1. Could we say that residue 139 is within 30 Å of residue 167 (Cβ to Cβ) and either surrounded by 14 or more Cβ atoms within 10 Å (Cβ to Cβ) or out of contact with any strand residue (DSSP E or B) (no Cβ under 7 Å at 6 or more places or on another chain) (or both) here?
2. Write out, first by first residue and then by second, each pair whose Cβ atoms fall under 8 Å of each other, whose residues are 6+ apart or on separate chains, and whose first residue, in segment 125-145, is touching a residue at least 60 places away in the same chain (Cβ under 8 Å) while the second is assigned to a helix (DSSP H, G or I).
3. Which of the residues belonging to segment 68-100 are out of contact with any strand residue (DSSP E or B) (no Cβ under 7 Å at 6 or more places or on another chain) and part of a strand (DSSP E or B)?
4. State all residues of segment 115-124 that are surrounded by fewer than 18 Cβ atoms within 10 Å (Cβ to Cβ) and either out of contact with any strand residue (DSSP E or B) (no Cβ under 9 Å at 6 or more places or on another chain) or not in a loop (DSSP other than H, G, I, E, B) (or both); if no residue qualifies, say none.
5. Quick check: is even one residue across segment 156-170 surrounded by 14 or more Cβ atoms within 10 Å (Cβ to Cβ), in a helix (DSSP H, G or I) and touching a strand residue (DSSP E or B) at 6+ places or on another chain (Cβ under 7 Å)?
6. Is at least one residue of segment 127-142 in a helix (DSSP H, G or I) and either under 15 Å from residue 113 (Cβ atoms) or over 19 Å from the mean Cα position of the chain (by Cα) (or both)?
7. Over 16 Å from residue 123 (Cα atoms), in contact with a helix residue (DSSP H, G or I) (Cβ under 7 Å, 6 or more places away or on another chain) and at pLDDT 95 or above, is that true of residue 167?
8. Examine segment 162-178 for a residue that is touching a residue at least 40 places away in the same chain (Cβ under 8 Å) and closer than 24 Å to residue 134 by Cα, and state whether such a residue exists.
């Protein structure tokens, strides 16, 4: 066998081995990335149920088992695609469900926790957004998210909304939420997303769930 052929075969073998190695690494990284994303989402949901707090931190390695043991998915007859959860073996009527909608710059994605008995918001978390840091990006700040806590969606306002985002510092009614100064577009978008999500959940909850 000539040296040229040997060199060619060696090159082909090395290239094939390198390709397989890179493919294997990419597959492993992809699986790891997906696992990290899943754990992050589960952590958010558990936090909204009050199972994870600053005083009760949980390691990432414990999250999947805790999520499986403490929560269960809920399917509504009117929309079986809605990602929604409740606590296992709990008398509370608290549900955590996913929401998404167009923000000022990009989609705003997250979860809402609601009490279906008192018809109040128990918490809100954002898992993805592209709003401007320091302006619309403030929606991720704990202080801003607390503005929604215990807000009622039992009845709509005369304007057809459950909640109205108003200029920061001007709340005068229980059905108003302080917006963000300098981020009118984000505040307006979030107002639409939250009201639409609450209305959708309320309509599904009236029809009952299938499990």
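The values are calculated or read from the model by the stated rules, or taken from the named source; none is laboratory data. All of these numbers come straight from a predicted model, not from anything done at the bench. Note that each Cβ is placed from the backbone with ideal geometry, even for glycine, and that neighbours are counted across all protein chains shown.
1. Details: within 30 Å of residue 167 (Cβ to Cβ): yes; either surrounded by 14 or more Cβ atoms within 10 Å (Cβ to Cβ) or out of contact with any strand residue (DSSP E or B) (no Cβ under 7 Å at 6 or more places or on another chain) (or both): yes.
Yes; evaluated as a whole, the condition is true for this residue.
2. 125/44; 125/47; 125/48; 125/145; 127/40; 127/41; 127/44
3. Listed by number, the list holds a single entry, 79.
4. Matches in segment 115-124: 115, 120.
5. Taking segment 156-170 and keeping what is surrounded by 14 or more Cβ atoms within 10 Å (Cβ to Cβ), we get 156, 161-166, 168.
Those left that are additionally in a helix (DSSP H, G or I): none.
No, there is no match, as no residue in segment 156-170 is surrounded by 14 or more Cβ atoms within 10 Å (Cβ to Cβ), in a helix (DSSP H, G or I) and touching a strand residue (DSSP E or B) at 6+ places or on another chain (Cβ under 7 Å).
6. We begin by selecting, within segment 127-142, every residue in a helix (DSSP H, G or I); these are 136-140, 142.
Cutting the leftovers down to either under 15 Å from residue 113 (Cβ atoms) or over 19 Å from the mean Cα position of the chain (by Cα) (or both) gives us 142.
Within segment 127-142 (the criterion being in a helix (DSSP H, G or I) and either under 15 Å from residue 113 (Cβ atoms) or over 19 Å from the mean Cα position of the chain (by Cα) (or both)), the answer is yes, since at least one residue qualifies.
7. Numbers: over 16 Å from residue 123 (Cα atoms): yes; in contact with a helix residue (DSSP H, G or I) (Cβ under 7 Å, 6 or more places away or on another chain): no; at pLDDT 95 or above: yes.
Criteria not met by residue 167.
8. Narrowing segment 162-178 to residues touching a residue at least 40 places away in the same chain (Cβ under 8 Å): none.
So far as segment 162-178 goes, no, none of its residues is touching a residue at least 40 places away in the same chain (Cβ under 8 Å) and closer than 24 Å to residue 134 by Cα.
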